[in-house]
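Below is one structure, written out as structure tokens; comments come after it.
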Amino acid sequence: MRFTTSLIIASALMAPALPASAALSGYWDSSKILHAVLGDNRLADALKQQPIERIEKTAEGYEVSSRDCTVQVRVTSSVPDHPGPTRHTLSIGKGRCQQ
């Protein structure tokens, strides 16, 4: 009994010393990306400043659509070689708009 108690206490004291994972959950990671996409002026220009009606996840990133335009947004993710958040780079495509 005494050994078990000592083992539990030792484990609890060592837990903070373990390296923490810096990866965000899937929700927070996608939220971070979507905020970056929606805050990019290039997207607003590609959509001709029209209100966004739809955002769809694609294999490469996202497809963002307004009433008349659709824009492909490519997201490239790179995991750092040290603890820290994943970095994302956005490539905003040219808007395909109906005439």
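Rule-based calculations on the coordinates, nothing more; no lab input. Bear in mind that the values here come from a model prediction, so they are computed numbers and not experimental data. Here the Cβ positions follow ideal geometry from the backbone for every residue, glycine too, while neighbour counts run over all protein chains shown.
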> Taking 0.36 nm per residue of separation and subtracting the Cα-Cα distance, what length does fully extending LYS57 through HIS88 add?
Replying inline: 9.6 nm
> Between ALA36 and ARG96, what is the spin-label point distance in nm, taking each point 7 Å from the Cα along the Cα→C-beta axis?
Replying inline: 2.5 nm
>> With θ taken as phi - 60° and the coefficients 6.51, -1.76 and 1.60, list the Karplus ³J(HN,Hα) couplings across segment 61-68 in order, rounded to whole Hz; mark glycine and proline as x.
In response: x, 9, 10, 10, 10, 10, 4, 10
> What are the ³J(HN,Hα) values, in whole Hz, obtained from phi via the Karplus relation 6.51 cos²θ - 1.76 cosθ + 1.60 with θ = phi - 60°, for each residue of segment 38-50 in sequence order, with x given for Gly and Pro?
Replying inline: 5, x, 8, 4, 5, 5, 4, 5, 5, 8, 6, 6, 7
> For segment 84-89, what does the Karplus curve 6.51 cos²θ - 1.76 cosθ + 1.60, with θ = phi - 60°, yield as ³J(HN,Hα) per residue in whole Hz, taken in order and with x for Gly and Pro?
Replying inline: x, x, 5, 9, 10, 10
> Points 7 angstrom from Cα along the Cβ direction at ALA44 and SER78: gap in nanometres?
Replying inline: 2.8 nm
